[in-house]
Amino acid sequence: MTSNSHLPHDKLLDMLLDVVCIVDIEGRFLSVSAASERVFGFRPEEMIGRTTFDMMHPDDRDFTRGLVDNINLGNPSSDHENRYIHKDGHVVHIMWSAQWLEAEQVRVGVARDITERKRAEAKQTALYAISEAAHSAGDLQALYQKVHEVISQLLPAEHFFVALHDATTEQISFPYSVDQYDSTPSSRAMTSCTRTAEVIRTGAPLLLTRDTTAQPVTKSDTEEEQQAVAWLGVPLTSGTQTIGALVLQSYSGAVRYTEKDQELLQFVSDQVATAIELKRTRVHLEFLAQYDQLTELPNRTLFQDRLKNALHKANRGVLQLAVLYLDMDNFKQINDTFGHTTGDHLLREVAQRLRQCVRASDTIGRLGGDEFAILLDGISSPTDAALVAEKVISSLSEPYLLEAGRLITAPSVGIATCPEHGRDDVQLVQRADEAMYIAKRSGGKRYVVASEYANPAEAGR
């Protein structure tokens, strides 16, 4: 068999799945095999004369220059990786084998497309990172931030937001949003004609680019003039329910989201939805352990913990604290007459009025039934506690307009201060409780200070 029976070298090269190329000392392509169109999107003739750095991902250029310099010194490389920008705008991951030929003054390289392998690795990394975040993140906001970091390692995610759907109110909220051109979008109804609402409503991903729509891809959830040129939203699905959406936007023509990006983001969103539901469940369980479910006020356990912490600080400083213990007069009669539903509505209204009577730094707790306690932390004198008690009595004595009708009740309040009536949390609550019962036995709708036991008829009002 003669040499003429063999395929020409260029034909053999064109049959390879990897790209074989020859570049000069400046990195300009001199020869490229046919696989370039499959890997980079460019035909060989389109690449001739261009440099490798023209096509390379901007973030990879600096470290690649160092690698190239080392190869050109006579040190072959067989496994270095970097990223290139495909002709259609998406990112391709390349593994290179390269060698400098001194005699010819050229560098020969073989480029293997490892994008799919990188995607698979990225999915596993993302799965682990999100799972870890679901367990370690202190709250949902920290979880969203971690999710953003994970997605940023997979896709261009400079502009990113999380949208959540409240099935009870049919509102869409935006608990997390990072956008160069826009502040956090305001909540809106599910009926709004936005792309985010469409993703949540249909439970289907939505990918929009200049190539897929005749109209400019405008900002979907804001009124800003800045326009996005690419928009990718995927649903957050938990079980059979769509609980929200993850959305990426791009204002630069250099970023083009693809169906592969959509697939990757959808994979991530499935893990995120599970993580959000897990975090929500934990937050809810923690809430139930520390808060009263009816009034959403701290329960006895949390109230006592806060009182202990406040006492620790008060015992080291000059400021005082006070505990107000209150009970609603004739509540049992209201409950028995109008039913527990009305009683519950009344207690929720009492809790709301109490919130308006104290500072944000104070603590209101529901200790059980119709009994409440208020921790006034950092008061200057016992007089401050008496003023708050007067305010509480006035507010809680106003008529309650409920479905059952116009109801009248009032509180009896007991006051104990530190250090006058004790430095122990249990003792302070007990003294305030005892003072409250003296107020109640004295006719109710008044307060009694613990030190006034000896003459309860003269105490309070």
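When the stretch 333-342 is limited to residues that are touching a residue at least 24 places away in the same chain (Cβ under 8 Å) and in a helix (DSSP H, G or I), the one that is surrounded by the most Cβ atoms within 10 Å (Cβ to Cβ) turns out to be ILE334.
Identify the residue in the stretch 368-385 that is closer than 16 Å to LEU428 by Cβ and small (Gly, Ala, Ser) and, among all such residues, is surrounded by the fewest Cβ atoms within 10 Å (Cβ to Cβ). Can you show your working first?
Filtering the stretch 368-385 down to residues closer than 16 Å to LEU428 by Cβ leaves 371-379, 382, 384-385.
Right, trim to small (Gly, Ala, Ser) and you get 373, 378, 385.
On the way: ALA373: 25, GLY378: 16, ALA385: 24.
So the residue we want is GLY378.
Residue count for the stretch 155-210 satisfying the condition of being buried (at least 19 other Cβ atoms within 10 Å of the Cβ), in contact (Cβ under 8 Å) with a residue 60 or more places away in the chain and of a type in the set (A, V, I, L, M): 6. Inside the stretch 413-432, residues that are buried (at least 19 other Cβ atoms within 10 Å of the Cβ) and in contact (Cβ under 8 Å) with a residue 12 or more places away in the chain make up a count of 12. Scanning the stretch 113-138 for residues that are buried (at least 17 other Cβ atoms within 10 Å of the Cβ) and modelled with pLDDT of 85 or more yields ASP113, THR115, LYS118. Every condition in (1) out of contact with any Gly (no Cβ under 8 Å at 6 or more places or on another chain); (2) of a type outside the set (Lys, Arg); (3) assigned to a helix (DSSP H, G or I) is met by VAL68 except one, and the failing one is (1). Can you find a residue that is in a helix (DSSP H, G or I) and among the small types (Gly, Ala, Ser) anywhere in the stretch 48-65? There is no residue in the stretch 48-65 that is in a helix (DSSP H, G or I) and among the small types (Gly, Ala, Ser).
Filtered by the rule that a residue be part of a loop (DSSP other than H, G, I, E, B), in contact (Cβ under 8 Å) with a residue 40 or more places away in the chain and either within 21 Å of ASP62 (Cα to Cα) or not polar (S, T, N, Q) (or both), the stretch 83-142 gives HIS86, LYS87, ASP88, GLY89, HIS90, ALA137, ASP139.
The values are calculated or read from the model by the stated rules, or taken from the named source; none is laboratory data. Values in this document were obtained by computation on a predicted structure and should not be read as measured data. Methodologically, a virtual Cβ is constructed for each residue, glycine included, from the backbone with ideal geometry; neighbour enumeration extends over all protein chains shown.
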